[in-house]
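So the structure is just underneath, and the comments pick up after that.
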Amino acid sequence: MHVPVRRELPPSMVERVTLIMDVFDGRTARLSLEEVARSTHLPRSTAHRILDQLVRLRWLEHTGLGYGLGRRALGLGGGDGAHSRIREAAAARLHHLQIRTGLVVHLAVLDGAEVHYLDKVGGRFAAAVPSRVGGRAPAHSTALGKAMLAWLEPEDVEARAAGLTGRLTRRTIADLGTLHQELNRVRRRHGLAFERGECFPDIACVAAAVRGPEGPVAAISLVGDAWSPLEKVAPLVVDAARQVSAELFPERQTPVRGGRRVADAPEETWSPQAMDSLLAAGQYGDWQ
């Protein structure tokens with residue numbers, strides 16, 4: 001008697017969606033259709049159909065660089081497209097920075113007293129950096145946060161950092177006076193912010209803010225280990241942030257808030273003298 005071989009049923013739609021969403025673990029911010037199909041072992045046509053549905057529902061977003069986590073997956077809701085617009089404007093610059101430097105690249109926005117990571121592009125060092133897309137960190141302990149806080153009114157900084165207590169590491173800024181001094185140094189460095197071991201031990205970052213007419217809207221950072229010569233790649237971060245600003249705000253005016261100038265804008269070009277001073281400061285460890 002012939003007994004037909006029972007074929008294994010395919011996973012349910014919920015299981016398929018879960019397989020796909022699990023691929024976007026934050027270590028790789030952008031994946032192609034082929035990479036998703038290969039990682040999930042789903043047929044390419046099935047993966048494509050589900051990806052399209054997830055994009056329409058804003059769980060994922062799709063750009064020329066591939067698929068990435070969308071607003072819903074990042075906890076940003078479905079109504080405000082500002083963060084998605086920032087990510088789209090920055091995507092190519094983040095990948096260019098990562099390819100050129102080999103370091104991990106972050107894109108984040110300021111949310112109260114925290115930075116909210118919108119994107120993370122990394123190479124082999126990415127797994128050693130405990131940040132994740134959609135994650136958060138205290139703004140005062142990160143180069144990203146300090147790059148944005150530097151262009152806010154002092155009263156706004158103090159309101160955001162009112163609960164500034166304790167340390168994440170022995171190098172974390174722990175009082176408002178020290179924070180204001182550090183933000184003043186950021187402004188003197190034309191908007192460049194550094195941190196070495198302030199958020200996570202043995203990790204260092206350099207960041208610059210993406211600024212619009214009303215102040216900082218995001219920041220971009222390069223991340224390496226505590227011994228990375230970040231001063232050498234700092235101008236690349238500034239240039240990337242400037243390019244994203246230009247795309248988002250082509251008619252950008254002097255930053256103002258409530259009818260008043262927020263802060264003196266950093267120079268839009270780096271003179272040889274300014275760069276020499278920056279590199280000299282980095283040589284002697286004068287970041288904080």
Low-density loop GluC sites (Glu not before Pro), the stretch 136-216, at most 15 other Cβ within 10 Å, DSSP non-H/G/I/E/B, are E214
Based on the mean of other beta carbon atoms within 10 Å per residue, what is the order of 133-141, 172-180, most packed first?
133-141, 172-180
Full-extension gain in nm, T178 to H41, via 0.36 nm per residue minus C-alpha separation
44.1 nm
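Leaving out ligands and nucleic acids, note down the accessible area per residue over the stretch 138-231 with a 1.4 angstrom probe, in whole Å².
Roughly 36 Å² per residue, with all protein chains present.
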Ranked by accessible surface with a 1.4 Å probe, highest first, in what order do M13, M21, M148 come?
M13, M21, M148
Efficiency by 1/(1 + (r/R0)^6): what FRET value for H48 and A92, r their Cβ-Cβ distance, R0 = 25 Å, to the nearest 0.05?
0.60
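The values are calculated or read from the model by the stated rules, or taken from the named source; none is laboratory data. For clarity, every value in this text was computed on a predicted model and none was experimentally measured. FYI the Cβ positions are ideal-geometry reconstructions off the backbone, even for glycines, and counts take in every protein chain you see. The area values use the complete protein model at the heavy-atom level, side chains included, leaving out ligands, DNA and RNA. Shrake-Rupley method; radii C 1.70, N 1.55, O 1.52, S 1.80 Å.
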